[in-house]
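Below: one structure, written as C-alpha cells.
The values are calculated or read from the model by the stated rules, or taken from the named source; none is laboratory data. Keep in mind it's a predicted model, so treat the numbers as computed, not measured. Neighbour counts are summed over all protein chains in view; Cβ atoms, including those assigned to glycine, are modelled from backbone coordinates with ideal geometry. We work out accessible area using only protein heavy atoms, side chains counted, and drop any ligands, DNA or RNA first. Shrake-Rupley method; radii C 1.70, N 1.55, O 1.52, S 1.80 Å.
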Amino acid sequence: MTAISASAAKAVSKGDLMGDPSPSSAAPREKNQSLPRRRRYATVDVFTDGMFSGNPLAVVLEAEGLSAEQMQTIAREFNYVETTFVFPPRDGSHTAHVRIFTPDREVPFAGHPNIGTAFILARRATDRGDPPLKNLVFEEAAGLVQIELIWENDSVVGAELLSPEPLARRSEVSPALAAACLGLTADDVSTERNLPQVVSAGLPSLVFEVKSRAALRRVLPDRQSFEKVFPLDGAQAIYVYTHDVGADTGCDVHARMFTRRMVEDPATGSAAAALTALLTEISGDSETHLRIRQGEDMGRPSLLLTRAQSHLGVTRTRVGGRCVAVFEGSFTL
C-alpha cells in the first residue's frame, strides 16, 4: 500500500466526507445530543461484485453525538453482522474515527466494515465532484487502519486494507472440542499444519482446518459446545477452512465463519487476514497470496483476496475485495 502523505491525508480528512460541515470537529462524544438530528446511512455488499451477495454492511455517516448505547441499538436494528459509525478524526492527518458494532457488542476491528466504509466514503467524495480518493486512514480501537481504494475506469470498485496488528497466536484447542462446536468430529479436523488455535491480526477468532469440502459443507454449529469454549483469549467465533477446493480454479481456500450467537458470517476479512498470516508463518515462506471463497453455503458467495508478508518474525496481512452499493437512507435520532 502506498503510504499516505500528511498533506493528502488532510485533504481527505475533512468532515465533508461524513456530511459534517466542520473540518475541526472534536473527537467522538459519548453524551447524547439534546436535540435529535437527521443522520444519513448507506448499505454496501462487501467482497463481491454482485448486489445481494457478499457481506452486507450498514454505514452511519453522521454519528457525532451518538452514545455507545445508541450505536448498539442502531446496530441491533440493522441486524447485519456489523454496522459502522463514522466520526471526524481525532488527528487531522487521518480520514475518520470509525467504531464498529455487531448486534451485541463493539469490536476493535473487522475486515469488511473497513472495506465497505472506505468504499462508501470514496463514492460520496466522487459524487460531490471531489478528486478521487486513493488512500484512507481510519482510527479504530485496534489502532490505525490503512486502506487503499481500488479504481477501474474512473469508478471505485473496492478496497484493500492493511491489518492493524501483526499475527498473534494464542491458545490451542483440542480437535475434538473444536469440531464439536461445529457438529463435526475430530476425524474431520486436519492437524497436518497446526492444531485449532486462537489467532488474531486485529480481532481474535478460533481457526482450524477440515480435511474436505464435504466436511465444511456439513457444519452445523452447536451452542452447548460453543459455550464450553468461548469466550477464549478475546475470541467469540470460529473460522473453519479447507484446502480441498476440487475443480474450483478461482480460489485456494474455502472457509466459513460462525459466531457465538450461532450466526454465520458471509465474509470475514479479519479472520482471513489472520489465517493468511498463520499459513505464512507455518510454511516458513516470506509471502503468501490467497483467494478465499466464503459464504457459498449460505447463499451469499464472497471472494476475499489476501497477501501476507513476514519480515524479522513479524507477519502483516493485506485483505481486499470488491464492493457494491445497495441502499441509502436516513433516520432521526
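Here the spin labels are modelled as points 7 Å beyond Cα on the Cα-Cβ line, and at D127 and L177 they lie 4.9 nm apart.
Helix 269-283 and the longest principal axis of the C-alpha atoms of the chain enclose an angle of approximately 50°. Counted by Cβ distance under 11 Å from P113, the other residues give a net charge of -1, where Lys and Arg count +1 and Asp and Glu count -1.
Treating the beta-carbon of each Lys and Arg as +1 and of each Asp and Glu as -1, no other charges, what is the dipole magnitude of segment 39-148 about its Cα centre, to the nearest 20 debye?
The dipole magnitude comes to about 180 debye.
Principal-axis analysis of the Cα atoms of the chain puts helix 68-78 at an angle of about 70° to the longest axis.
If only the Cβ of Lys and Arg carry +1 and only the Cβ of Asp and Glu carry -1, the dipole of segment 144-233 around its Cα centre is close to 480 debye. Quick one: among N79, N153, N114, which has the greatest mean-square fluctuation in a GNM of the chain with alpha-carbon springs under 10 angstrom? Ranking N79, N153, N114 by mean-square fluctuation puts N153 first.
P(r) for segment 41-167, from all Cα pairs and a bin width of 5 Å, is 2, 11, 21, 25, 21, 13, 5, 1, 0 %, short bins first. What angle do you read, to the nearest 10 degrees and between 0 and 90, between the alpha-carbon axis of helix 111-127 and the longest principal axis of the chain? The two axes meet at around 30 degrees. The share of accessible area on the chain that comes from carbon and sulfur is 49 percent, using a 1.4 angstrom probe.
Magnitude of the charge dipole for the chain, about its Cα centre and with charges confined to Cβ atoms of Lys, Arg (+1) and Asp, Glu (-1), is about 520 debye.
Can you figure out the FRET efficiency of F331 with S212, using R₀ = 41 Å and their beta-carbon distance, to the nearest 0.05? Efficiency, rounded to the nearest 0.05: 0.35. A cut-off under 15 angstrom between Cβ atoms defines the neighbours of V156, and their net charge, with Lys, Arg +1 and Asp, Glu -1, is -3.
Here is how the number arises for the chain: DSSP H runs of 4 or more residues each give -39500 (n - 2.57), the sum is divided by the residue count, and the result at 222 nm is -6000 deg cm²/dmol. Computed over segment 111-255, the alpha-carbon pair-distance distribution with 5 angstrom bins reads 2, 9, 15, 15, 14, 13, 12, 9, 6, 3, 1, 0, each value a whole percent. Taking Lys and Arg as +1 and Asp and Glu as -1, the other residues whose beta-carbon sits under 12 Å from that of M51 total 0. Peptide packing for 262-275, 125-138, 35-48, 199-212 was compared via the average number of neighbouring C-beta atoms within 10 Å per residue; ordered from the highest value, the list is 262-275, 199-212, 35-48, 125-138. Any chance you could tell me what percent of the C-alpha pair distances in the chain go past 34 Å? In whole percent, the long-distance tail amounts to 21. In the context of the full set of protein chains, residues of the chain present 41 Å² of accessible surface per residue (probe radius 1.4 Å, heavy atoms only). In a Debye calculation with equal point scatterers on the alpha-carbon sites of segment 224-324 and no solvent, what is log10 I(q)/I(0) at q = 0.20 Å⁻¹? For the requested q values the scattering log ratios are -1.05.
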